[in-house]
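Engineer: Below is the structure I would like to discuss, written out as structure tokens.
Derivation of every value follows stated rules applied to the coordinates shown; laboratory data play no part. Every value quoted in this text rests on a predicted model; they were computed, and no experiment measured them. Methodologically, a virtual Cβ is constructed for each residue, glycine included, from the backbone with ideal geometry; neighbour enumeration extends over all protein chains shown.
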Amino acid sequence: MDPVLEAFHNIEWRYAKGDPKALEGLEERIAVAGRKRSLITYSDLVRGIAFKLPNLGEPTLTIDVADWRELDRAIVGDFLGYISMRSYDRANCFSSALVVSKNDGTPGDGFYNLLKQLGLIPNLKSKKALDIWAEHVGKAHTWFSKH
């Protein structure tokens, strides 16, 4: 088995498996950005998505994109990691590479933490991290533009 895919399958997904409808909505927004060969900000990705997660105390969570909380970041990060696992399995790319900060147009620490967790980089500030990000942006654009 591919060691990256094996590492993905060893991750415990706390939120992403709990709401198939939110997962589908996020994947579709990433796919639209990919087909346009563009990127999407975290805020645009989640704006208006109602997360219905059984392991939260509240029945529905809608992220206030003007006031991100740690829980919001944890939920979105979990979904993006899971989405990348699915796209890597299907298309050999981390589709979450297309999701970036509106401040500087690069992914957040969650993306780099995932790369580290998968054993692809030694630390978050590695030059290799930027190279992998750029590589997967290109792979995702190519894949989504054909599918």
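Engineer: Which of Trp13, Trp133 comes first, and how do the rest follow, when ranked by fewest Cβ neighbours within 10 Å?
Structural biologist: Working: Trp13 13, Trp133 20.
Listed from fewest to most nearby Cβ atoms, that is Trp13, Trp133.
Engineer: A further question follows. Would you look at the GNM of the chain, springs on alpha carbons closer than 10 Å, and say which of Ser96, Ser43, Ser84 moves the most?
Structural biologist: Highest fluctuation of the listed residues: Ser43.
Engineer: Between region 52-103 and region 1-22, how many Å separate their Cα centres?
Structural biologist: Going from one Cα centre to the other spans 12 Å.
Engineer: Another question, if that's okay. In the chain, what is the volume of the convex hull around the alpha carbon atoms, normalised per residue and reported in Å³?
Structural biologist: Values: hull volume 16.1 nm³, N = 147.
Here the figure is 109 Å³ per residue.
Engineer: Pick out, in residue order, every one of the chymotrypsin sites (Phe, Trp or Tyr not before Pro) in region 20-122 that is DSSP loop and has at most 16 other C-beta atoms within 10 Å; say none if there are none.
Structural biologist: Trp68
Engineer: Going toward the positive end of the dipole of the chain, with +1 on Lys and Arg Cβ and -1 on Asp and Glu Cβ, which of His9, Asn55, Ala134 do you reach last?
Structural biologist: Projecting each Cα onto the dipole axis, the largest value belongs to Ala134.
Engineer: Find how much the distance from Asn103 to Lys146 grows on full extension, using 0.36 nm per residue of separation minus their present alpha carbon separation; answer in nm with one decimal. Before the final figure, lay out the partial values.
Structural biologist: On the way: separation 43, 0.36 × 43 = 15.48 nm, distance 2.95 nm.
Full extension of this stretch gives 12.5 nm more.
Engineer: Okay, next question. Take Glu135 and Lys36, extend 7 Å from each Cα along the Cα→Cβ direction, and tell me the distance between the two endpoints in nm.
Structural biologist: Result for the modelled spin labels: 2.8 nm.
Engineer: Another question, if that's okay. Check which residues have an amide H placed less than 5 Å from Val100's amide H, if you skip close sequence neighbours.
Structural biologist: Those qualifying (amide H under 5 Å, at least 5 residues apart or on another chain) are Ile40, Thr41, Tyr42.
Engineer: Straight-line reach from Lys36: which lysines have a Cα under 22 Å away, not including same-chain ones fewer than 8 places off?
Structural biologist: The reachable lysines, counting only those whose Cα sits under 22 Å from Lys36, are Lys102, Lys139, Lys146.
Engineer: To continue, here is another question. Net charge near Ile132, counting Lys/Arg +1 and Asp/Glu -1 over other residues with Cβ under 11 Å of its Cβ?
Structural biologist: Details: positive: Lys116, Lys127, Lys128, Lys139; negative: Asp131, Glu135.
Once all neighbours under 11 Å are counted, the net charge is +2.
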